[in-house]
1. Does the stretch 385-417 hold any residues that are out of contact with any His (no Cβ under 9 Å at 6 or more places or on another chain), in a helix (DSSP H, G or I) and not aliphatic (A, V, I, L, M), and which are they?
2. With hydroxyl-bearing (Ser, Thr, Tyr) and outside any helix (DSSP H, G or I) as the only criterion, which of Ser356, Ser332, Ser316 stands out?
3. Provide a single number: the residues in the stretch 130-161 that are of a type in the set (Val, Ile, Thr), assigned to a helix (DSSP H, G or I) and either open to solvent by 30 Å² or more (accessible area, probe 1.4 Å) or modelled with pLDDT under 85 (or both).
4. Among (1) at positive phi; (2) open to solvent by less than 60 Å² (accessible area, probe 1.4 Å), which single condition is Gly358 missing?
5. Output the number of residues of the stretch 25-47 satisfying the condition of being touching a strand residue (DSSP E or B) at 6+ places or on another chain (Cβ under 6 Å) and without any contact (Cβ under 8 Å) to a residue 24 or more places away in the chain.
6. Quick check on Leu599: is it within 30 Å of the chain's Cα centre (by Cα), assigned to a helix (DSSP H, G or I) and more than 22 Å from Glu647 (Cβ to Cβ)?
7. Look at the stretch 418-437 and say how many of its residues are hydrophobic (A, V, I, L, M, F, W, C), open to solvent by less than 10 Å² (accessible area, probe 1.4 Å) and part of a helix (DSSP H, G or I).
8. Of the residues Val338, Val367, Val317, Val398, only one is aliphatic (A, V, I, L, M), out of contact with any strand residue (DSSP E or B) (no Cβ under 7 Å at 6 or more places or on another chain) and open to solvent by 40 Å² or more (accessible area, probe 1.4 Å); which?
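The values are calculated or read from the model by the stated rules, or taken from the named source; none is laboratory data. On a predicted model such as this, the values are computed, not experimentally measured, just so you know. In this analysis, Cβ positions are derived from the backbone assuming ideal geometry, glycine residues included, and neighbour counts consider all displayed protein chains. Just the protein is used for accessible areas: all its heavy atoms, side chains included, with ligands, DNA and RNA removed. Shrake-Rupley method; radii C 1.70, N 1.55, O 1.52, S 1.80 Å.
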Amino acid sequence: MARDPALAEKIRCVVTLFCGHNSEPALTELIVRKQGMEWADVRSFRYRTGKWRGRLTFEAHDGREVDVPTRTFTHYQNLHFFSERKCLNCVDHFGFDGDVCTGDIWSQAHRGRDVKPTLVVAKTERGRALLDACWDGIEREEVPAEVVLDGNSRGMTYHYHLSARAEAGKLFGVKIRDPLRLPVTPLDRLVASVGVFNYWWSHHPRYGPWIEKLPFGAVQAYIYAFKGLQQLNLFLYRPFPPEDEVSIIGATITGNRGAEAMLVTTIGRIRDALPDARFVIHSYFPERDRELVSDLGVEVVDARPLALVTQYFPVSVAHGALRRIGLAYPRSLMPRNVRKLAESRVLVDVFGVSYSDGREKFLPFNVLSNWPAMLLETPVVKQSQAMGAYEGRLNRRVARWMLGKMEKVFARGRVTEAMTKALGVREEAIGFAPDVAFGYEPRYALSDESPDLRDAVVARLGEARARGEKVLVLSVSAVVRQKCKKRGVDYEAVMAEVAGALLDRGLTVVLFPNATREGTSSLHNNDLPVISDIASRVGHRPGLVLVLVDGDLNTAGLRAILAEADYLVASRFHAMIAGLCLGIPTMVLGWGHKYEEVLEQLEIGEHAYDYSSLDAASLLARIDGFLDGADDVAARIRRNIDRVKAESVAQLDWLVEFLVPRLEVCTPDDVEPTAELRTEP
């Protein structure tokens, strides 16, 4: 229908059956032989007649008749003996694409009736309308959806849990594709192993004939034990985790606003494609983030270093150890933050920088942020980041180990990409994508902070521009300040001298943060104390305009202010990203290769200035050259920004594809079963 609109136009209703999988003719022939007849002798055959579970009847050409309980066939079928190969890959129990689905009711309340009722389920408005037009003369009653689910509980969970069958298939040489990637409990694995083993057994050229020799009593005992296992599994474990739940680590709503931009962009872009998706932020500022986020689809849990060490790490290690012997750490005993990680479809890592020489002190934090998810069998996707260099022995070994375990690693720039490939990470796991924040839109914001401050600064800059003044934003950084301090450079003094010189030239200068934690003097993810210190050194200059952004503002508020700028000199990476997105001529005072590799994507790599050579005179000289060529810088940005944004968003498109399994409702027998079977389990 999807391929042929003319056909789709002709079809008024799609009716599907409750499906417990199909069996090959060999099973029917086996049942006939068990009743003392050869298949060639059979004239007619019916699988189920009469009431409730029904009778299996067939008749020979010579008039002989057989009438036995249907279970003489269904016990073998429900054990998956002689199952069709394609059924191993199928998850479609009720018919995903149907307007109406129908099947047996299997309700004890309806067992004793003279006529066995059939369930008919309307799944779409079209299906409901068509059923409503058909009821005349039909005895019917409404039943709740629970009746459908209760009657199919074992079958539908076994059917849908493709991930468990895929794991079981590995034991018997049966290849089963797994686009769902669901968590698998020990009982899931055991239940699936019974079904896949019986498929393997019934197709084995040596052992398959033994099935016919089994006494029916043994088959009965086998099916009751199998159903008992399935029922125990339903009792002990929730069959599936919350639908479309995504965990994110490495960013917070408060503090580092570049991290916030990556975080909310990831959530917003996934939501655009999957409106029902739910998100878990594993935050190192959980209390403040909870205060700021009121979105019911976003939960904040504690991922501070102490929680990583005392909760995530020991529970995940225990789970990993138990998994080796076929057990699992009970989810009901996990702390909520760890359980949410275990139940997520994916952990998205949005750290801006990781596994970089010179930052070895952060390696334990990098590892503890990802390794627990891997031990809990939650795939990890590392979104575009600056990584490397990997020259240090410890950093190189840890990076190769951790990055090699990830589902996907996106390099923020070509330098990072080349170094990571050279590290030895499998090439298909490495992708290139500019920073996630290139895809940011204000509608993605999850908080609203200091609107009065935002509006006041925007109004003041608007007045300056109305007077014909040019606005230059100096984005300052507590991180660069700390790096300068280690080299004996007074960052605040240099920036104050530069700001004063720019003011004397008639520019309106804005001291701008991209990490804010108002009310604390800590420099961790906080540029506000640096702004205060620089401003005090600049002092009051009559007739000159120095504007301070000195409070908590989210990315949307900061970009609203930045949009009033004519020029940007950025010491914060994501202030640089924001300026580029807004088309503002931008130069950088930063550290490492991460700035230059992004600017090169916009053809303005020459405007990256490294802090290691920082002094007021050289920085002013670089700024003068930058201002002289600002029109050319703006033109290059305009020429490249749409491409860079598209390349950035591609990683989120990949992530959505990863989260939405592409299932074929009917999987063809594309491989002969005997070609995939080992002769020994």
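1. Arg393, Asn395, Arg396, Arg397, Arg400, Trp401, Arg414, Glu417
2. Ser356
3. Count: 1.
4. Gly358 satisfies all of (1) at positive phi; (2) open to solvent by less than 60 Å² (accessible area, probe 1.4 Å) except (2).
5. Final tally of qualifying residues: 6.
6. No.
7. 4
8. None of the others qualify; the one that does is Val317.
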